[in-house]
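First the structure, in the form of C-alpha cells, and then the observations on it.
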Amino acid sequence: MKKHNYSAGPCILPQEVFEKSAQAILNFNNSDLSILEISHRSKDFVVVMEEARALALELLGLEGKGYQALFLAGGASLEFLMVPYNLMKVDGKAAYLDTGTWANNAIKEAKSFGETLVVGTSKEQNYNHIPKGFSLPENASYFHCTSNNTIFGTQMKSFPETNVPIVCDMSSDIFSRTLDFSKFDLIYAGAQKNMGPAGTTLVVVKEDILGKSGRTIPSMLDYEKHIKAESMYNTPPVFPIYASLLTLQWLKNLGGIAAIEKINNAKAELIYSEIDRNPLFKGTATVEDRSTMNATFLLNDECHAPIFDKMWKEAGISGIPGHRSVGGYRASMYNALPLESVQVLVDVMKKLEKVVTL
Ligand SMILES: *Cc1c(COP(=O)(O)O)cnc(C)c1O
C-alpha cells in the first residue's frame, strides 16, 4: 500500500502525476518516443514549456502583469546567488530577513556582492518565530525573505508594505495559499517541495526590475538571457518540467490555489489541534507563525520515542523524523498529501496517549 508520505522534500506528488509521468516515459503523447529521449526543441516539448510557464503565472494571478516565469536548473540554492547578481546594484545594498537555515544560505551568497543588511533575525530563539517590526532602508536594491521555513516550521503570514522590491523564496509553500503575488517582484521555488520532482526551479520575475544592477552577469546566471531564450537558453530539465506541468494541471482542475488552501488549512488545523491537546506533545514554533506546510513538534518525554516511532511506521507513515537542527518530528503536509493521511497520524498520536497512560 502507498505510504502516507510526510517527506519534507523531495515530497509527495499527486498519484495521477506519477501515473501520467510513467506513461510519458514509455510513450510521450503517442509519439512512440519517451519524453526522456526527445529534443527539448521538439514541438511536443516546446508546448510543455510554454504551458508550464503560462500556467504558473495563471495560477498565481500574474498573467498580463509584466511577469515572466522561468523553469531553471540549479535548485533554489542557485537563486541565492542569481538574485544578488541580477538585482543588487553595484555599490548598492540589500536587506534580508533571517528566518532560518535557507535564509541564512541566501544571506551568505549576497555578502559577496555588496552590503547585506540583516533587518531581523530569530536565530537566538532557534528560529521558532518570524521577526516582526523591522524596518527597511529606502535605498535597498531589494528585500529578501523566505515565506515558509521548511526546517523550523514557521511561515510568514504578512509581508512588508514597501517601495523596496520584494524577493521571496517560496520553495516550500508556493501554490499552497492565496496571497497577492503582485506584491512580489521576484519569487523563486525549488520544484521538489510543492510543485514537482527535484531538478527544476520556478522563477517568477517582474521584468521591469531587471537590467538595473550595473553588473556584467554570466549568461547562465542572467535572468534576461533566460527570458529572451524563453527558458531554453540551454537544455532545460525536460522531465522535471513536464512533471511540474502535470502537477500544476492537477491543481488547476482542483480549483486552483484557493481550493487547495482550504484543504491545507484543514490539514494544519487537524494536526496542530492534536499537538496542542495531547499532553505527550508540544509544538516548536510560536503559535501565530506556525506553518501550514511543515508542522514541527516534540515529545515532551523522549522516553516515548521508541514506541511512537514503531507505531507510526506500522501505520504506514513515512518521513516524519524532524530535521537535525530541531529534533523531534516534522509533518510536511504539502498540497498532494491528503487530509486522510493527517488523520492517520493524529490517530497514532491519540493511540500513543492511551498506551502510555494505561
Ligand atoms: C529546500 C529549500 C531550499 C533549497 O532548495 P534546493 O533546490 O535544494 O537548492 C531553499 N529554500 C527553501 C525554503 C527550501 O525549503
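Any read-out appearing in this document is the output of simple, stated calculations on the displayed coordinates, not a laboratory observation. All figures in this text were calculated on a predicted structure; none of them were measured in a lab. A quick note on method: Cβ atoms are made from the backbone with ideal geometry, for glycine too, and the neighbour counts reach across all protein chains shown.
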Any hit, the range 50-63, residues being within 16 Å of the ligand (Cβ to nearest atom) and either in contact with a Cys (Cβ under 8 Å, 6 or more places away or on another chain) or more than 29 Å from T284 (Cβ to Cβ) (or both): no
Residue check, I151 within 11 Å of the ligand (Cβ to nearest atom), touching a residue at least 40 places away in the same chain (Cβ under 8 Å), aliphatic (A, V, I, L, M) and surrounded by 19 or more Cβ atoms within 10 Å (Cβ to Cβ): yes
Looking only at the range 130-148, and only at residues there that are more than 19 Å from M170 (Cα to Cα) and in contact (Cβ under 8 Å) with a residue 40 or more places away in the chain, the one that is farthest from the ligand (Cβ to nearest atom): N139
Number of the exception - C303 against (1) over 26 Å from N194 (Cβ atoms); (2) touching a residue at least 12 places away in the same chain (Cβ under 8 Å): (2)
Residues (more than 23 Å from E50 (Cα to Cα) and among the basic types (K, R)) located in the range 178-219: K183, K212, R215
Among residues of the range 109-132, those that are over 20 Å from T154 (Cβ atoms) and part of a helix (DSSP H, G or I), counted: 2
Total residues in the range 170-190, condition within 12 Å of the ligand (Cβ to nearest atom), in contact with a Gly (Cβ under 9 Å, 6 or more places away or on another chain) and not polar (S, T, N, Q): 1
Considering residues of the range 298-338 that are among the basic types (K, R) and surrounded by fewer than 19 Cβ atoms within 10 Å (Cβ to Cβ) only, the residue nearest to L352 (Cα to Cα): K310
When residues of the range 273-297 are limited to those that are part of a helix (DSSP H, G or I) and crowded, with 18+ Cβ neighbours inside 10 Å, the one nearest to the chain's Cα centre (by Cα): D289
When residues of the range 83-101 are limited to those that are under 25 Å from Y127 (Cα atoms) and in a helix (DSSP H, G or I), the one farthest from the ligand (Cβ to nearest atom): P84
Top-ranked residue of the range 191-215 - restricted to ones that are among the small types (G, A, S) and closer than 25 Å to G114 by Cα, ranked as nearest to the ligand (Cβ to nearest atom): S213
Residue list for the range 339-358, filter: basic (K, R) and either buried (at least 21 other Cβ atoms within 10 Å of the Cβ) or part of a loop (DSSP other than H, G, I, E, B) (or both): none
